[in-house]
1. Check Leu138, Leu90, Leu160, Leu189 and return the single one that is assigned to a strand (DSSP E or B) and open to solvent by 40 Å² or more (accessible area, probe 1.4 Å).
2. The conditions are (1) touching a strand residue (DSSP E or B) at 6+ places or on another chain (Cβ under 8 Å); (2) touching a residue at least 24 places away in the same chain (Cβ under 8 Å); (3) surrounded by fewer than 17 Cβ atoms within 10 Å (Cβ to Cβ); (4) part of a helix (DSSP H, G or I), and His111 fails exactly one of them. Which is it?
3. Being part of a helix (DSSP H, G or I), touching a Leu at 6+ places or on another chain (Cβ under 7 Å) and under 30 Å from Leu186 (Cα atoms): is that true of Leu57 here?
4. When you look at Arg254, is it farther than 20 Å from Trp411 by Cβ and without any contact (Cβ under 8 Å) to a residue 60 or more places away in the chain, yes or no?
5. Checking the conditions here, which among Gly246, Gly194 is among the small types (Gly, Ala, Ser), open to solvent by 30 Å² or more (accessible area, probe 1.4 Å) and modelled with pLDDT under 95?
6. Which pairs have Cβ atoms under 6 Å, sit 6 or more apart or on different chains, and link a residue in segment 194-220 that is assigned to a helix (DSSP H, G or I) to one that is open to solvent by less than 70 Å² (accessible area, probe 1.4 Å) and not small (Gly, Ala, Ser)?
7. Of all residues in segment 263-273, which are open to solvent by 10 Å² or more (accessible area, probe 1.4 Å) and closer than 20 Å to Glu303 by Cβ?
8. I'd like to check something: does segment 96-105 contain any residue that is of a type outside the set (Phe, Trp, Tyr), assigned to a strand (DSSP E or B), open to solvent by less than 40 Å² (accessible area, probe 1.4 Å) and in contact with a strand residue (DSSP E or B) (Cβ under 7 Å, 6 or more places away or on another chain)?
Amino acid sequence: MSVCSPEMAGLSSVETQSPWLTLVGLGEDGRAGLSPDALAAVESAEIVFGGERHLALIGSVPGEARAWPQPFRNALPAILAERGRKVCVLATSDPFHYGIGAGLARAVPAHEMRVIPQISSFAMACTRMRWPQEDCALVSLHGRALQRIIPHLQPNARILALSWDASTPGAVASLLTARGLGASRLVVLESLGGPQERIRATRADAFALDGIVPLNMIAVTVVAAPDARILPLTPGLDEDWFAHDGQITKADIRAITLAALSPRAGELLWDVGAGSGSVSLEWCLRHPRNRAVAFEEKPERAERIAHNRVALGALPVEILGAAPAAFTGRKSPDAVFIGGGIGDDGVFGQAYAALKPGGRLVANVVTLEGEARLAALFAAHGGSLRRIGLAHLDTIGTLHGWRPAMPVTQWRVVKP
């Protein structure tokens, strides 16, 4: 029998050493629900980190029990300071599903950490509801804005939401009712997997559940009235979805602009001269991992972008001041949209310099001077130019006719 050494397997001897850190998922049944391996990790640890609830569920341990430091962001440095000792970290159910696992994995090499998860709260809720997990939208509202649920509010959708506290189910019910979704069915699942487990159902517009425990999940079956406010899935939202002062890329042009920007999952957009933020917000609606930075020099417009950001689902749009000064120190974008300021040499020059290789830059103009600028940039950098002309039906006395909008000239270039 041949023996494969660590070097032969492509692993260093350091990578084959026993992990100093064990991450253990804990359910509401506490110690009783732990596997033999998980229980051994807890019992053999010199230090056991966890929230006060985790430590109460696990009971006394041979090692030192330490509650998370406050504020919680100090937890990771506290754990890393004990590298080399036998450390156990307690987390809720599956630590890699909206848990501490992702943060630890970024800071601790894989070979230094052992993970013993339990079934996640989402999976447990699916078993109680008899819902296939692949058919559900999974949302965490724990420490996050309630409005994150808005993009998922589609007719007949099934949504599982992890609550922030006892008030979250009522807040979700109010949000649904205000959007014409009051007939939706809400099921509040409390203390799943523990001896105090409780499941109660109600209509959103008749919500009157009391005594809800902070640790709960909400299962929503969306029922939409004919006039319900449902966020469309297509790009080019009507202008009435945005607070604006008229400085907004109109819906038709915005749909064409987003197609030109060609968003892909996880990409970052710079929206220069953002106005209402409509382009950057719709960019983020294309995929949950998309991000955007909106550059807007006027404070009142920046405030409207902040309002729109929340109203459309607490979208990940960062709002900064005037370009190009605000470009400094920003992460390089995958795409740039210039809706204002193309006449400023610094705006284009610095944005194009920051754009990643293979990134897309799109600029829209409506003035003759703007067209001349795009023509010069096209001559210098290539790309493509197009003029977009649209007309909308309007009344002419008692009759109807087509009223043309100002044509938009659009330049698109891909950085080599």
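The values are calculated or read from the model by the stated rules, or taken from the named source; none is laboratory data. Remember, predicted model here, so these are calculated numbers, not experimental data. In this analysis, Cβ positions are derived from the backbone assuming ideal geometry, glycine residues included, and neighbour counts consider all displayed protein chains. SASA here: full protein model, heavy atoms, side chains in, ligands and nucleic acids out. Shrake-Rupley method; radii C 1.70, N 1.55, O 1.52, S 1.80 Å.
1. Checking each option against the conditions leaves just Leu138.
2. Every condition holds for His111 apart from (1).
3. yes
4. It is false that Arg254 is farther than 20 Å from Trp411 by Cβ and without any contact (Cβ under 8 Å) to a residue 60 or more places away in the chain.
5. Details: Gly194 fails: open to solvent by 30 Å² or more (accessible area, probe 1.4 Å).
Exactly one residue qualifies, and that residue is Gly246.
6. Within 6 Å, the pairs are Ala204/Leu176; Ala204/Thr177; Ala204/Leu186; Asp205/Thr177.
7. Taking segment 263-273 first, the residues open to solvent by 10 Å² or more (accessible area, probe 1.4 Å) are 263-268, 273.
Selection gives Gly273 alone.
8. Of the residues in segment 96-105, the ones of a type outside the set (Phe, Trp, Tyr) are 97, 99-105.
Then drop every residue that is not assigned to a strand (DSSP E or B), which leaves none.
No, there is no match, as no residue in segment 96-105 is of a type outside the set (Phe, Trp, Tyr), assigned to a strand (DSSP E or B), open to solvent by less than 40 Å² (accessible area, probe 1.4 Å) and in contact with a strand residue (DSSP E or B) (Cβ under 7 Å, 6 or more places away or on another chain).
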